[in-house]
1. Run the count for the range 47-144, please: Lys pairs, Cα-Cα under 27 angstrom, 8 or more apart or on different chains.
2. Near Glu74, within a Cβ-to-Cβ distance under 12 Å, what is the net charge of the other residues, with Lys and Arg +1 and Asp and Glu -1?
3. Divide, for the chain, the radius of gyration over alpha carbons by 2.2 N^0.38 Å, where N is the residue count.
4. Under the rule a/c < 1.5 gives rounded, and otherwise a/b versus b/c splits prolate from oblate, where does the range 134-203 land using the Cα gyration tensor?
5. Angle between the Cα long axis of helix 106-115 and the longest principal axis of the chain, 0 to 90 degrees, nearest 10?
Amino acid sequence: MSEDQFPYKLYQINRTILQMLRDRKYIVSKEQLEMKFPEFREQNNDLSRTSLELLATKIDDPSIQILVFFPEDEKVSVEMIRSYVEKMKGESVARAILILQRSLSHYSKKFITKLAPEIIIETFFEFELLVNITEHQLVPKHEVLSEEESKVLLKRYRVKPTQLPRIKVTDPVARYLGLRRGQIVKITRPSETAGRYVCYRFVV
């Protein structure tokens, strides 16, 4: 990859991450979201992935934060993940996103799994973040219901959560939104007859 392609790729990935955090209801500034490539390149002229590391805070709960790590090395070792965990603990952060250039080893995956539920580390490959999948015209709008909204919905339709259609946590949009098992998501699709069609799915 040429020097010109490299920073533009990082620009695309960084933009998608910022949009993802915004859609998960974390604080992201308008300036960050609207930053153009020339400004991004000027701010990151060392072409470093690690310089893109960021910490974001939930809009409605300042005690909830998330860290985003951009490892410089293609191979992310267990030792490297341990260092990220130590940083998370130092910042009192329980959730992080790890942007990977290549697949994790079996031992690294196992280590991340063992950290849950106290420490949650989500992983995304760089190529998955070159575009924002939720902006695709074929992807309907997904909205996570709050606990109160979920209770009202279930009471209105007199159903149990498990009686709703399901969506897996491994679904691409579910991963983008950071959905957890047990949540309910509202999906709004365009309809030629009704204008829009709304359905609800239970996260499994």
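Values in this text are rule-based calculations from the coordinates and carry no lab data. Owing to the predicted nature of the structure, the values given are computational and were not obtained by experimental measurement. Cβ atoms come from the backbone with ideal geometry, glycine included; neighbour counts cover every protein chain shown.
1. Final tally of qualifying lysine pairs is 16.
2. That works out to 0.
3. Cα Rg divided by the expected 2.2 N^0.38 Å: 1.12.
4. oblate
5. Long axis of 106-115 versus the principal axis of the chain: about 60 degrees.
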